[in-house]
Amino acid sequence: MANILIFDSGMGGLSVYREVHRALPTHQYFYLFDNACFPYGELGEARLVERVLELLTTFVPRHDIDIVIIACNTASTHVLPALRERLHIPVVGVVPAIKPAAEYCRLHELNHIGLLATPGTVSRSYTAELVQRFAADMQVSMLGTTELVKMAESKLAGQAVDMTRLSRILAPWRGEDGPDALVLGCTHFPLLAEELSQCLPQAQLVDSGEAIARRVASLLLQPASDAGGERGPAGRLYCTRLTAKARIQDEAFAAEGFCRLEEFTS
Ligand code: DGL
């Protein structure tokens, strides 16, 4: 049994946890979210690296973690090289699924990819390189939004999604020349998949969750079972500041089989 850490700024990593846990249910999962510095999409790059290194170089040895999943595009598109230098275990990053989106478009003779992500992710040179490398022949439009990240968190806390607000955020893409493939380049956004599809019905949604599960399975030298095999121990849940909001978020994690929320201090 491996100790697998899922890390995000907030609850978005749950969309990744669901895929990984479904494929590999027998392991011990840890989920750490950095709500003290949420949202990451608005943090400067230097601060982001410093913060993620500070947290993970402490958390990983303290809990004897075997594999880290950075379930956050905003962090993965910038901190992975520094993190891999400091942690001597596999670090799996989640980055926008531009390549599969381009494959989908080619297969269906379509050509418009929309990247929905945080302001941080859309501004990264790493993201520009991904587009250059895998979708240079396509029309790629990007929309960076923190509002949607917050809406996803509110939905998990039991609030109804305001569809008028959502339509307003997606206004640049509504209408005939909207994207054919919509890359959910923030792990919070698969949590709003239904609502996004309602607003942009022509777009095929593409995220990185399943690919991450396959990558983790290959690192564990284990087939991704999807068989609902024996479940491992309850997941352990940590935030960086025990706020009233975090206690509400705790409910959503409890529904996924996590233990009670604890505060992690580095
Ligand atoms: N869930 C994160 C991502 O995938 C970021 C959300 C935030 O801005 O904190 O990018």
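The values are calculated or read from the model by the stated rules, or taken from the named source; none is laboratory data. Quick caveat, the model's predicted, so the values are computed rather than measured. Positions of Cβ are generated from backbone atoms using ideal geometry, with glycine treated the same way; all protein chains shown enter the neighbour counts. Heavy atoms of the whole protein, side chains included, go into the accessibility calculation; ligands, DNA and RNA do not. Shrake-Rupley method; radii C 1.70, N 1.55, O 1.52, S 1.80 Å.
Regarding region 164-176, can at least one residue be identified that is in contact (Cβ under 8 Å) with a residue 40 or more places away in the chain and either within 29 Å of A2 (Cβ to Cβ) or within 15 Å of the ligand (Cβ to nearest atom) (or both)?
no
Please state which of the following conditions Y17 fails to meet, knowing it meets all the rest: (1) under 25 Å from L148 (Cα atoms); (2) within 15 Å of the ligand (Cβ to nearest atom); (3) in a helix (DSSP H, G or I); (4) more than 12 Å from the chain's Cα centre (by Cα).
For Y17, the exception is condition (4).
Restricting to region 64-121, count the residues that are part of a helix (DSSP H, G or I) and within 10 Å of the ligand (Cβ to nearest atom).
Kept after step one, since they are part of a helix (DSSP H, G or I), are these residues of region 64-121: 73-86, 98-107, 119-121.
Narrowing the set further to residues that are within 10 Å of the ligand (Cβ to nearest atom) leaves 73-77, 119-121.
Going through region 64-121 one residue at a time, the tally reaches 8.
Among the residues of region 166-186, which ones are open to solvent by less than 10 Å² (accessible area, probe 1.4 Å) and β-branched (V, I, T)?
Answer for region 166-186, where residues must be open to solvent by less than 10 Å² (accessible area, probe 1.4 Å) and β-branched (V, I, T): just V183.
If E194 satisfies every condition in (1) away from the ligand (no atom under 16 Å from the Cβ); (2) within 25 Å of Y104 (Cα to Cα); (3) open to solvent by less than 80 Å² (accessible area, probe 1.4 Å) but one, which is the exception?
Looking at each condition in turn, E194 falls short on (3).
Can you list residue pairs whose Cβ atoms sit under 9 Å apart, with the first residue in region 7-25 being within 12 Å of E256 (Cβ to Cβ) and of a type in the set (K, R) and the second being more than 9 Å from the ligand (Cβ to nearest atom) and not in a loop (DSSP other than H, G, I, E, B)? Count only pairs 6 or more apart in sequence or on different chains.
The qualifying pairs are R18/P190; R18/G209; R22/A213.
Name the residue that is most open to solvent (accessible area, probe 1.4 Å), counting only residues in region 122-158 that are more than 15 Å from the ligand (Cβ to nearest atom) and closer than 23 Å to E45 by Cα.
By that ranking, first place goes to R133.
Look at region 26-40 and say how many of its residues are open to solvent by 10 Å² or more (accessible area, probe 1.4 Å) and part of a helix (DSSP H, G or I).
Qualifying residue count, region 26-40: 3.
Among the residues that make up region 51-68, is at least one of them open to solvent by 50 Å² or more (accessible area, probe 1.4 Å) and under 24 Å from L148 (Cβ atoms)? Steps first, please.
Of the residues in region 51-68, the ones open to solvent by 50 Å² or more (accessible area, probe 1.4 Å) are 54, 61-62, 64, 66.
After this cut, where a residue has to be under 24 Å from L148 (Cβ atoms) as well, the list is none.
There is no residue in region 51-68 that is open to solvent by 50 Å² or more (accessible area, probe 1.4 Å) and under 24 Å from L148 (Cβ atoms).
Looking at E251, E195, E210, E153, which one is in contact with a Gly (Cβ under 6 Å, 6 or more places away or on another chain), touching a residue at least 12 places away in the same chain (Cβ under 8 Å) and assigned to a helix (DSSP H, G or I)?
Numbers: E251 fails: in contact with a Gly (Cβ under 6 Å, 6 or more places away or on another chain); E195 fails: in contact with a Gly (Cβ under 6 Å, 6 or more places away or on another chain); E210 fails: in contact with a Gly (Cβ under 6 Å, 6 or more places away or on another chain).
Step by step, each of E251, E195, E210, E153 is checked, and only E153 is in contact with a Gly (Cβ under 6 Å, 6 or more places away or on another chain), touching a residue at least 12 places away in the same chain (Cβ under 8 Å) and assigned to a helix (DSSP H, G or I).
Starting from region 35-50, take each residue that is more than 24 Å from E262 (Cα to Cα) and within 12 Å of the ligand (Cβ to nearest atom) and list its partners that are open to solvent by 30 Å² or more (accessible area, probe 1.4 Å) and among the small types (G, A, S), counting only C-beta distances under 6 angstrom and pairs at least six apart or across chains.
Listed pairs, sorted by first residue: none to list.
Please pick out the residue among A23, A75 that is touching a helix residue (DSSP H, G or I) at 6+ places or on another chain (Cβ under 9 Å), at pLDDT below 95 and buried (at least 16 other Cβ atoms within 10 Å of the Cβ).
Details: A75 fails: at pLDDT below 95.
Going through A23, A75 in turn, just one is touching a helix residue (DSSP H, G or I) at 6+ places or on another chain (Cβ under 9 Å), at pLDDT below 95 and buried (at least 16 other Cβ atoms within 10 Å of the Cβ): A23.
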